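Before any comments, here is the structure.
What follows draws every value from the coordinates through simple rules; no lab data is involved. Note that the structure is a prediction, hence the values are computed from the model and not measured.
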Amino acid sequence: MKFIVLLFLVAAVNARFGSQDDLAVLASVDRPNRPFRLSDCLLHADSDPCSGNGRDTYPVWKWDIFLRSCVRASARSSCTPTHNNFPTHEACSKLAGIICRKLRSLFY
């Protein structure tokens, strides 16, 4: 049942934002000008388009919806960071932890 709810949530987010390109544009265009949202919990740490070879990575923290916690990730410096990209575990927990835990209430 929980898996069905998760699939529904992913489908709803996908339908709302359209393609992955649309999601990347949404994540990057208004990044500094808007607060962290529930939909940001589903994003990768960075998004295309990337310039350069994409091999230049740096460590970040991001919210993982399956582990329900902040985890270490690698972001590419030649790509656009998303809202789900934090410099420290504390910053991730303080912001994403509060908002993304609301996803948990959908399953329990």
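For this structure, a couple of remarks:
- Stretching the chain fully between T57 and S69 yields a gain of 2.2 nm (0.36 nm per residue, less the alpha carbon separation).
- Extension gain, S77 back to E90 (0.36 nm per residue minus Cα-Cα distance, nm): 2.5 nm
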